[in-house]
Amino acid sequence: MRIDILTLFPGMFSGFLDGSLLGAARTAGILDIRLVDIRDFAEGPHRQVDDRPFGGGPGMLLMPGPVVSCIEAVQQAARPAGRVLMLTPGGRRLDQAVVEELAAEQRLVLVCGRYEGFDARVKETVAADEISIGDYVLSGGEVAAMVIVDAVARLVPGVLGDEESARQDSFSGADRLVEGPQYTRPREFRGLHVPEVLLSGDHRRIAAWRQEQAVEATRRRTTVPPTPGLARRSTP
Ligand code: ADE
């Protein structure tokens with residue numbers, strides 16, 4: 001899979017892309033991830049990329065020229081053209097179903113906004129979808145692009161090494177359940193014991209118990225109203 005990331009801050013991605021899972025997948029040629037600096041497509045001696053919004057208002061907007069030129073250049077540089085995703089807080093909300101949809105593409109073009117966002121004509125000029133990673137505002141699309149790359153890469157065959165582990169992740173599969181509790185050694189920790197069924201060696205019972213726990217964890221997450229202070233641990 002090829003992913004082009006268009007950004008004013010390519011340096012933000014270096015540690016992330018070179019990290020263990022993604023770094024290995026890139027070295028193995030499973031993922032072809034490229035960073036493109038939007039400022040390289042700006043014109044004039046100052047290579048300006050942002051300007052004040054018409055009609056007034058706070059902050060600056062990304063000018064359409066450099067962004068559209070950058071998108072067109074990366075689309076023309078390789079075939080097939082990629083699916084273009086602009087990262088914006090107002091976009092379609094990312095969830096595992098969207099991640100699966102994106103992982104099925106051969107190529108993605110992620111466009112990171114900065115400042116107060118994009119000039120609206122970018123979206124009218126290039127065929128693009130807008131994606132949000134949640135209802136909060138980030139300083140730019142870079143962190144959102146990293147979230148997408150991380151979540152999508154796990155589903156690309158060969159990246160995880162163990163395909164089964166992606167299939168068992170929370171939100172995967174037809175029922176979209178979150179995973180229930182999991183345990184490793186020791187069998188007892190500070191008086192807390194690993195549930196007996198997990199030590200039984202009875203795979204059918206274990207599978208049934210895990211299914212029950214997943215259903216319960218999902219129900220709790222979706223039906224129990226959040227407590228004020230969001231499950232903050234009470235300090236003794
Ligand atoms: N840019 C700023 N906030 C964002 C968000 N929540 N999701 C995606 N891109 C963003």
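The values are calculated or read from the model by the stated rules, or taken from the named source; none is laboratory data. Just so it is clear, the model here is predicted, and its values are computed rather than measured. In this analysis, Cβ positions are derived from the backbone assuming ideal geometry, glycine residues included, and neighbour counts consider all displayed protein chains.
Data table
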{"read-out": "Residue tally, condition more than 13 Å from the ligand (Cβ to nearest atom) and under 24 Å from Met63 (Cα atoms), over segment 90-127", "value": "11"}
{"read-out": "Subset of segment 94-124 (residues that are within 12 Å of the chain's Cα centre (by Cα), within 19 Å of Val74 (Cα to Cα) and touching a residue at least 60 places away in the same chain (Cβ under 8 Å))", "value": "Leu110"}
{"read-out": "Residues being in a loop (DSSP other than H, G, I, E, B) and at pLDDT below 95 - total across segment 198-236", "value": "13"}
{"read-out": "Among (1) in contact (Cβ under 8 Å) with a residue 60 or more places away in the chain; (2) closer than 27 Å to Ala174 by Cβ; (3) within 10 Å of the ligand (Cβ to nearest atom), the one test that Gly134 misses", "value": "(1)"}
{"read-out": "Residues (crowded, with 19+ Cβ neighbours inside 10 Å and either out of contact with any strand residue (DSSP E or B) (no Cβ under 7 Å at 6 or more places or on another chain) or more than 12 Å from Ile148 (Cβ to Cβ) (or both)) located in segment 69-97", "value": "Cys70, Ile71, Val74, Gly82, Val84, Thr88"}
{"read-out": "From the options Phe171, Phe189, residue that is out of contact with any strand residue (DSSP E or B) (no Cβ under 7 Å at 6 or more places or on another chain), modelled with pLDDT under 95 and of a type in the set (Phe, Trp, Tyr)", "value": "Phe171"}
{"read-out": "Residue in segment 34-57 that is over 24 Å from Val122 (Cβ atoms) and modelled with pLDDT of 95 or more present", "value": "no"}
{"read-out": "Residue match in segment 74-81 (condition: modelled with pLDDT of 95 or more and either in contact with a Ser or Thr (Cβ under 7 Å, 6 or more places away or on another chain) or among the hydroxyl-bearing types (Ser, Thr, Tyr) (or both))", "value": "no"}
